[in-house]
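Worksheet for the structure shown next.
The values are calculated or read from the model by the stated rules, or taken from the named source; none is laboratory data. No experiment lies behind these values; they were computed from the predicted model shown. Cβ sites come from the backbone with ideal geometry, for glycine too, and all protein chains shown count toward neighbours. Heavy atoms of the whole protein, side chains included, go into the accessibility calculation; ligands, DNA and RNA do not. Shrake-Rupley method; radii C 1.70, N 1.55, O 1.52, S 1.80 Å.
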Amino acid sequence: MAYTSSEEQSLSQPTWVFGYGSLIYKVDFPFLQRELATIIGWQRRFWQGSHDHRGTPESPGRVVTLVPKKKALCKGVAYLIEPTVFKHLDHREKNGYRRFHCPIELHQQKENVSGVVYVASQENPAFLGPASIEELAGHIRKSHGPSGSNREYVLRLAQSLRELGERDPHIEALEALLL
Ligand code: SIN
């Protein structure tokens, strides 16, 4: 699925941003509304390197990005935010993530809205790409960064997804190996 970048366009209205990783459980920004939400055509994968949160430039950790997959559903949380909040989010997601426009299905309002999502695509220098679940777990177990251990990122994400009623086999398999 081709998304268009939202970076060139200055957003002047409150905008929905879809969170599928740490944006679900680490909400260090103000929002106007928060809703369970789904986007279509993407799946979560621990394929992005983290130099600044769960690892270091010398020893990057692994965090989630979205990888295109036809008809896949990815459940997360959408936040309606003021345009000024993007300064904080762009800084937080600066290690390889870019903002893209995407359609978001809001569960409670039963409505499709146009919003944005941060995706770290394979062209970014911190992208690490696929590995077996065992390799991912081994890598994550030994990684630490300024935001804490890489293991904690996985466990908090797994717990948050459970609370949302989302079953994500990739995340659950990793969690099982890390517990
Ligand atoms: C997100 O949560 O939506 C982006 C990835 C992350 O910050 O973990």
**Request:** Please give the strands (runs of 3 or more DSSP E) falling wholly within region 18-129 in which 3 or more residues are away from the ligand (no atom under 15 Å from the Cβ) and open to solvent by 20 Å² or more (accessible area, probe 1.4 Å).
**Result:** 61-81, 111-119
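Please verify whether region 130-139 includes one or more residues that are away from the ligand (no atom under 14 Å from the Cβ) and among the polar types (S, T, N, Q).
Within region 130-139 (the criterion being away from the ligand (no atom under 14 Å from the Cβ) and among the polar types (S, T, N, Q)), the answer is yes, since at least one residue qualifies.
Modelled with pLDDT under 95 and touching a strand residue (DSSP E or B) at 6+ places or on another chain (Cβ under 9 Å): is that true of residue 105 in this structure?
No; evaluated as a whole, the condition is false for this residue.
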**Asked** All but one of (1) open to solvent by 50 Å² or more (accessible area, probe 1.4 Å); (2) in contact with a strand residue (DSSP E or B) (Cβ under 6 Å, 6 or more places away or on another chain) hold for residue 13; which doesn't?
**Response** (2)
**Search result, residues across region 83-121 that are under 12 Å from the mean Cα position of the chain (by Cα) and aromatic (Phe, Trp, Tyr)** = 97, 118
